[in-house]
Amino acid sequence: MTRLILLSLVGCLFLVACSQEPSKEAMANSAETALWAKYKTEGWKNHGCELISDAEVEGLFAFNGKEATLNARTLPNQAFCLRTWNKPDWKDRESNNEKEGATWLNPENRIVVQLFDYSSEEHAKLQIENLRRDRRNTYEEDVSGLGDDSMWSTSTVTLLVRKGQFVINIALEVSDVPHDNLAKAKEVAFIALKKL
């Protein structure tokens with residue numbers, strides 16, 4: 001009987017210990033959060049491609065990076081990342097572009113994510129207000145429900161999103177119809193905003 005009680009007690013202690021161990025996913029999320037906090041203190045310089053990772057881009061736009069020739073380029077000492085990848089019909093588009101008089105069709109998708117750290121929320125607000133006042137013909141559309149303030153430019157396919165002292169600049173060309181890029185640019189912004 002004593003052995004049975006002892007074995008039951010050991011089993012209970014084991015279950016309690018196991019239930020208190022964090023899951024692998026929780027540990028990975030904790031490590032990512034710590035890494036993002038480090039990048040944030042450095043102004044994300046040289047880490048622009050972590051604001052939205054290759055895996056997040058592939059998932060968001062539903063493509064295989066190797067098959068679509070995903071490329072990522074950064075700028076030194078900047079929070080900047082340029083990614084390009086082939087459109088599914090890139091060969092047809094290139095053939096079309098070689099025809100005389102044909103309308104040019106972009107064979108590549110492109111996303112640029114750049115983060116500006118204005119060191120204070122007031123300064124970042126001022127930058128956005130100045131753009132809204134002085135370049136309203138370019139940034140013609142206010143976007144609600146995204147960060148502290150945001151606006152869109154159809155002519156440059158660019159979304160600007162302010163969160164505190166940061167402004168995220170997302171230039172996205174995946175659709176041949178410029179304004180249609182806004183929906184996906186917002187999804188990119190949601191991913192990046194979680195890391196700030």
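Couple of notes before you dig in:
- Label-to-label distance for E140 and A55 is 4.0 nm, based on points extended 7 Å past Cα in the beta-carbon direction.
- The stretch 169-190 and the stretch 55-97 have Cα centres lying 14 Å from one another.
- Difference of contour (0.36 nm per residue) and Cα-Cα distance, N77 to N96: 2.9 nm
- Table column - 3J(HN,Hα) (Hz), the stretch 115-125, Karplus curve with 6.51, -1.76, 1.60, x for Gly and Pro: 10, 10, 9, 8, 6, 8, 4, 4, 5, 5, 4
- Sites E122 and T154 - FRET efficiency at Förster radius 30 Å, r taken between beta-carbons, to 0.05: 0.55
- Average projection area in nm² (convex hull over Cα atoms of the stretch 62-194, one quarter of hull surface): 9.6
- Average projected area [Cα convex hull, the stretch 110-184], square nanometres: 4.5
The numbers here are math on the coordinates, done by the rules we state, and not lab data. The structure presented is a predicted model; accordingly, all values stated were derived computationally and were not measured. Because the Cβ atoms are built from the backbone with ideal geometry, glycine has one as well, and the counts that use them run over all protein chains shown.
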